[in-house]
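K.L.:
Sharing a structure with you now.
None of the figures in this text is laboratory data; all of them are computed from the coordinates on show. In this text, all values refer to a predicted model and were calculated from it rather than measured experimentally. Quick reminder, even Gly has a Cβ in these numbers, built from the backbone with ideal geometry, and neighbours come from all protein chains shown.
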Amino acid sequence: MNISSEVEQCIRDLASRGRTLNCYIYDTRAMREKIRYLADIMPTGVEVFYAMKANPHPAFLKAAFEAGARGIEIASLGEAEKAVAAGFSPEQLIYTGPGKSVEELRWGVEHGIRTIHIESLLEAHRLNAICAEAGKKQDVLLRINADFDIHEAQTTFSGGSKKFGVDEEKLVDVLPRILALQHLQFRGLHVYAASGVLNVADLLKNCELVFAMARRIEADYDGVVCDTIDFGGGFGIDYLETGHDFDPAAYARGLQQLLNEYDFAGRTFFLELGRYLAADSGWFCTEIIDIKESRGKKQVICAGGINHFRRPAALAINHPMAVLHLQRPALFEGQEQVRHEAVYFGGPLCTGADKLANNVLIEAADVGDIAVFGYAGAYGLSMSNIEFLSHQRPEEIVL
Ligand SMILES: Cc1ncc(COP(=O)(O)O)c(C=O)c1O
């Protein structure tokens, strides 16, 4: 992995302060470019939302706002408040996720957010009662757990038994009951198949399945139109550096073709992207505190572990990484070092699960150098065990 000159300079400046270095560095230029690019290439009617769960740092919200993202996909009241603080209006928020509380739903209704995505019949009734009390009607999408599975994806959100949405085969029972709720305005469907998908054809298959479902619903229920369809997130990132990146232009072409086939022009389509937008705008940088040899393996111990960057351990993958050499003097003669060998990186936590990289080939690393992990802009700090062992929170530095 190459480290940009700006990131390298930032690390060197931080290291010169003489304190143990452990931080995220953010540079949101890539995210801004991606948002603008997607707006250029996507078919008419496609609106790109930033799924802020990927990284709720104000710099990412600002980047989404300034680059013209249509809005923010929120999954909690805390996210809603952060999005509004960053400049988004409540009408630019779409609200997904199972287990929304009464207080959260009430906030959404009272502030007039754009759509609330219903995850169950119970949630529909709860929201209907809140709307009745407020004297309002709320636009909703119904989230479906489609009978469809993207096997190669990092995480699947539909297919099999899931806590997300309503099973596709239960629609016949559930949909009429939701349509009958007076304070909900049914606008369409939300079907999010999987996260971290690199194969464009897989995600397009999901789009086609949703289009077919929308058609069936419109044929079965008089006067019902699915005028808004949310495909969720899912555009992948080539963490393993195989050279096969997700190709958004191919996705846009395929989606346009489907829109033509189904004659769905004029409708609205949501993409709520997290990983694809945010991943390459962040680096986790952590100082090497110790290097030891243990029963034939070199263990490199860093200042931060899964408390600050849990994703590699949670998904059992190595992120691309590099070691920045700071040429710090050894403490004693014969001090352990790494020279062209496969080694293990972990943090300071008292659990064997505290792994940052497994069996990764490193040219050279010494105590005091900085391990830099790429694609850490998405699901980095926000997905980590920050309280475990009460280490100091890593700094988040915005370039
Ligand atoms: C409802 C919903 N939308 C969007 C996303 C963002 O997905 P991704 O980061 O794969 O784009 C997620 C991620 O979990 C999600 O649960």
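K.L.:
For segment 121-249, go through all pairs of different Cα atoms, get the mean of 1/r, take its inverse, and jot down that Kirkwood value in Å.
P.N.:
15.8 Å
K.L.:
Read phi for every residue in segment 256-266 and hand back ³J(HN,Hα) as whole Hz from Karplus 6.51 cos²θ - 1.76 cosθ + 1.60, θ = phi - 60°, with x for Gly and Pro.
P.N.:
With the stated coefficients, segment 256-266 comes to 4, 4, 5, 4, 5, 4, 8, 6, 9, 4, x Hz.
K.L.:
How large, in Å, is the chain by the Kirkwood hydrodynamic radius built from its alpha-carbon pairs?
P.N.:
The answer is 22.6 Å.
K.L.:
State the antiparallel share, in %, of DSSP beta bridges confined to segment 259-355, rounding to the nearest 5.
P.N.:
Expressed as a percentage, antiparallel bridges in segment 259-355 total about 70.
K.L.:
Given the pairs K100/K205; K100/K137; K53/K100; K100/K136; K163/K205, which span a C-alpha to C-alpha distance of over 27 angstrom in this model? Provide the component values of the computation, followed by the final result.
P.N.:
Numbers: K100/K205 29 Å; K100/K137 18 Å; K53/K100 15 Å; K100/K136 18 Å; K163/K205 22 Å.
As for pairs spanning more than 27 Å Cα to Cα, those are K100/K205.
K.L.:
Per residue, what volume in Å³ does the Cα convex hull of segment 14-76 take up?
P.N.:
Dividing the Cα hull volume of segment 14-76 by its residues yields 101 Å³.
K.L.:
For segment 87-103, take each phi angle, set θ = phi - 60°, evaluate the Karplus expression 6.51 cos²θ - 1.76 cosθ + 1.60, and give the result in whole Hz per residue in order, putting x for glycine and proline.
P.N.:
x, 6, 8, x, 5, 9, 9, 10, 10, 10, x, x, x, 6, 7, 4, 4
K.L.:
Which peptide among 42-51, 351-360, 204-213 comes first, and what is the full order, when sorted by highest mean count of other Cβ atoms within 10 Å?
P.N.:
42-51, 204-213, 351-360
K.L.:
For segment 70-140, what does the convex hull of the Cα positions come to per residue, in cubic angstrom? Walk me through the numbers before you get to the answer.
P.N.:
Details: hull volume 5.1 nm³, N = 71.
Spelled out: Cα convex hull of segment 70-140, divided by residues, is 71 Å³.
K.L.:
Would you list which lysines come within 22 Å of K298, measuring only between C-alpha atoms, while excluding same-chain residues fewer than 8 positions from it?
P.N.:
Those lysines meeting the cut-off are K355.
K.L.:
With a 10 Å radius around each residue's Cβ, average the other Cβ atoms per peptide and rank 231-239, 290-298, 248-256, highest first.
P.N.:
231-239, 248-256, 290-298
K.L.:
Taking the Cα atoms only, what angle lies between the long axis of helix 200-220 and the longest principal axis of the chain, rounded to 10 degrees?
P.N.:
The answer is roughly 20 degrees.
K.L.:
Ranked from highest to lowest mean number of other Cβ atoms within 10 Å per residue, what is the order of the peptides 308-321, 62-75, 175-188?
P.N.:
Highest-to-lowest ranking by the protection proxy: 62-75, 308-321, 175-188.
K.L.:
Short version: ³J(HN,Hα) in whole Hz for each residue of segment 164-179, in order, from phi by Karplus 6.51 cos²θ - 1.76 cosθ + 1.60 (θ = phi - 60°), x for Gly and Pro, what are they?
P.N.:
9, x, 10, 4, 3, 6, 8, 3, 4, 8, 7, 4, x, 6, 6, 4
K.L.:
How far is it, in nm, from the label point at A364 to the one at D13 when both lie 7 Å from their Cα along the line to the Cβ?
P.N.:
Result for the modelled spin labels: 2.6 nm.
K.L.:
Sticking with this one: Using only the alpha-carbon atoms, how far is helix 29-41 inclined from the longest principal axis of the chain? Give it as 0 to 90 degrees, nearest 10.
P.N.:
Once rounded, the angle reads 30 degrees.
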